[in-house]
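The values are calculated or read from the model by the stated rules, or taken from the named source; none is laboratory data. This one's a predicted model, so the numbers in the text were calculated from it and none came from an experiment. Quick reminder, even Gly has a Cβ in these numbers, built from the backbone with ideal geometry, and neighbours come from all protein chains shown.
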Amino acid sequence: VKYFYSNLKMVSAQNEEFAITSVVKGQRIYLDARILASILHIPHTGIYVFEHKKWSEVEGFHPNQILSILYPNDPNIHPSMALTTNRLSVDHRLLHHLIVHQILPTGGGYAKLSRMQVFIMWCILSKIEFCFPLLLLKTMVRAFSQKKSVLPYGSILTLVFLHYHIPLEGEISTK
């Protein structure tokens with residue numbers, strides 16, 4: 001997994017579908033949302049917009065709407081407010097926990113919500129389909145480009161390595 005991330009590169013041009021490439025044990029790996037969906041046997045349909053720094057601009061998504069659901073007792077909600085987990089209901093905390101550990105794994109503390117995490121919560125609560133394979137690829141690139149980050153999706157990458165016939169004998173699993 002470390003070698004995959006250390007050799008990771010984005011290879012998509014401006015108007016092409018987002019894609020990454022890497023080299024593991026001399027074998028080139030090319031992944032876009034379609035290929036990753038095929039490997040994981042999941043669809044690659046749904047929303048293709050993912051913003052980490054600002055609110056996603058998607059039809060039907062309004063930050064105040066999801067914030068009023070997440071913070072029903074706060075009359076002063078607004079899109080630039082501090083997003084913290086300590087005021088979430090138990091159900092919403094569990095959903096956030098699932099997101100930060102499985103869907104958008106990040107390192108560090110979990111006391112704050114990112115705009116992307118809130119957007120994914122909105123998608124799940126509103127039953128809005130998002131392109132999970134694309135989210136995985138974008139998260140891989142984000143983890144690679146940040147200095148302090150976990151290397152996410154080790155078990156998913158194992159399936160990718162098997163798909164590309166990369167031998168895993170002798171590899172030691174780590175946390």
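Out of all the residues in the range 109-120, is one or more aromatic (Phe, Trp, Tyr) and buried (at least 19 other Cβ atoms within 10 Å of the Cβ)?
yes
Taking LEU151 as the residue in question, decide whether it is touching a residue at least 24 places away in the same chain (Cβ under 8 Å) and in the same structural domain as ILE35 (by TED's automatic domain parsing).
Yes, satisfied.
How many residues does the range 46-64 hold that are touching a residue at least 40 places away in the same chain (Cβ under 8 Å) and either farther than 13 Å from ILE128 by Cα or surrounded by fewer than 14 Cβ atoms within 10 Å (Cβ to Cβ) (or both)?
Selection size over the range 46-64: 9.
Quick check on my filter: what residues within the range 19-60 are assigned to a loop (DSSP other than H, G, I, E, B) and closer than 30 Å to ASN86 by Cβ?
VAL49, PHE50, GLU51, HIS52, LYS53, LYS54, TRP55, SER56, GLU57, VAL58, GLY60
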